[in-house]
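These notes are about the structure you will find just below.
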Amino acid sequence: DNGGVNDRFRGRVIFPVHSLSGKVVAFGGRVLKKDEKTAKYVNSPESEIYHKSNELYGIYFAKQAIVKADRCFLVEGYTDVISMHQAGFTNAVASLGTALTSGHASLMRRYTKEVLLTYDSDEAGQKAALRGIPILRGAGLRPKVVNLAPYKDPDEFIKAEGMEAFEKRLENAMNYFLFEVQVLEKEYDFNDPESKTEFYRAIAEKLLEFSEELERNNYIESISKKYQILPEDLRRMVNNMALSGRRVTQPKAENLTDRRKAR
C-alpha cells in the first residue's frame, strides 16, 4: 500500500509442495486471520518446475503407501492430507488449488487402479466428486466415493467417531455409478408417477455408458433392486434408447447437472 515490498505469504501457514522426487517446487499459504479482503489461500505461481495440473500434494510421502495398499485416497486440501496421514492413512493426496485434471489421474494411475474420493460431504464436495469421476475413469482408474456425512471432512469424522468407524466407512465406499444415481435421484419426486418415470429414463440413458453387455446387466440388476423396478423393464428401456440411436459416453458432471436442471 505504501509502495514498499511485502512478503507474498505474510501472515500465513506455509505448506511446502514436494515433487514426485521429493524436491520442494512450490508453496501454499493459508491465511491465519481471515477477513473479506484476504484470500484464504495463496499459492506459488506456475513455473518451469511447477505445474499444478500435474502435481499432487503429498504424493512424494504417499506413493509407497499407495502401492502397498493398492488404493489412493483423494481429499480436498493440504490440511485434509495432513490429517489423514496423522491418522495413519498415509496413502492420501490432494490436488493443488485446482480441479482434478487428467494429469493428476495419470499420476495416481502409476501406483494404483483404485481411488477413493474422500471429499467434503457438502454440496460442493459432491459436485467435485461428480466432476472427478469421469476424469479418473478416463485414466483407467476405479473410483469409489466415501460417505462422510454427517461430518464435513475426514479430520472432523475421525475426531468425532474414531478410527474404527472411519475404516467401516471406507469399507462401504460407494461404487461411482451408484453414487451418481444417488445424487441424480434427489432431482425427482418419487410420489409423482411422471417424475418417477423420468428418473428411470435418466438412469436408462446413463446405463448406455457401458458398452459391455455383461457390465451393463450387472448395473441393471443393482439398480432394479434398489429402486424397485423390474430388471426386464429397465433393460427394455435401455435397449429402446439404444435402438433409437442414443449413445452416451463418459458424461461430464457439468452435463449431468445441466440435464437435471432442464428436466
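No lab work stands behind these numbers, since they all come straight from the coordinates. Small disclaimer: the values here were computed from a predicted structure and weren't measured. Glycine gets a Cβ as well: all are built from the backbone with ideal geometry, and neighbour counts include every protein chain shown.
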- Please give the length that would be gained between L170 and K68 if that part of the chain were fully extended, namely 0.36 nm times their separation in residues minus their C-alpha to C-alpha distance (nm, one decimal). 35.1 nm
- Cα-Cα longer than 21 Å, checked against K127/K226; K63/K144; K23/K144; K40/K186, kept in input order, equals K127/K226; K23/K144; K40/K186
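Just subtract the alpha-carbon distance of E213 and T98 from 0.36 nm times their residue separation and send over the number in nm, one decimal.
37.8 nm
What is the packing order of peptides 17-28, 74-85, 190-201, taking the mean over residues of other C-beta atoms within 10 Å and listing the highest first?
74-85, 17-28, 190-201
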- Item | Distance in nm between pseudo-label sites at A39 and K159 (7 Å out along the Cβ direction from Cα) | 2.7
- Summing -39500 (n - 2.57) over every DSSP H run of at least 4 in the chain, dividing by its residue total and rounding to the nearest 500, the 222 nm mean residue ellipticity is -14500 deg cm²/dmol
- Diffing region 84-90: the Karplus 3J(HN,Hα) column from phi (6.51, -1.76, 1.60, θ = phi - 60°), in whole Hz with x for Gly and Pro, holds 5, 5, 5, 7, x, 8, 7
- Please give the net charge around L214, taking every other residue with its beta carbon less than 13 angstrom from that of L214, where Lys and Arg add +1 and Asp and Glu add -1. -2
- According to a simple spin-label model (label point 7 Å from Cα along Cα-to-Cβ), what is the distance in nm between Q86 and S21? 3.2
- What's the local net charge at S19, with K and R +1, D and E -1, over the other residues with C-beta under 14 Å away? +1
- Message: If the only charges are +1 at each Lys and Arg Cβ and -1 at each Asp and Glu Cβ, what is the size of the charge dipole of the chain around the Cα centre, to the nearest 20 debye?
- Response: 560
- Task: Pull up the DSSP beta bridges for the chain and report the antiparallel fraction as a percent, rounded to 5.
- Result: 60
- Message: Can you work out the Karplus-derived ³J(HN,Hα) for every residue in region 68-81? Use 6.51 cos²θ - 1.76 cosθ + 1.60 with θ = phi - 60°, whole Hz, and x for glycine or proline.
- Response: 5, 7, 6, 6, 10, 8, 10, 10, 8, x, 3, 5, 5, 4
- Note on the structure: Scoring region 1-152 by relative contact order with C-alpha pairs under 8 Å, at least six apart, yields a percentage of 18
- Please work out the ratio of the alpha-carbon Rg of the chain to 2.2 N^0.38 Å and round it to two decimals. 1.15
- For A26, the residues 5 or more places away or on another chain with a placed amide H closer than 5 Å to its own amide H are V17
- Note on the structure: the chain: relative contact order from alpha carbon pairs under 8 Å, six or more residues apart, as a whole percent, is 12
- Message: If you consider only alpha-carbon coordinates, what radius of gyration and Dmax does region 1-128 have, in Å?
- Response: 15.5, 54
- From the Cα centre of region 150-211 to that of region 6-75, the distance in Å is 30
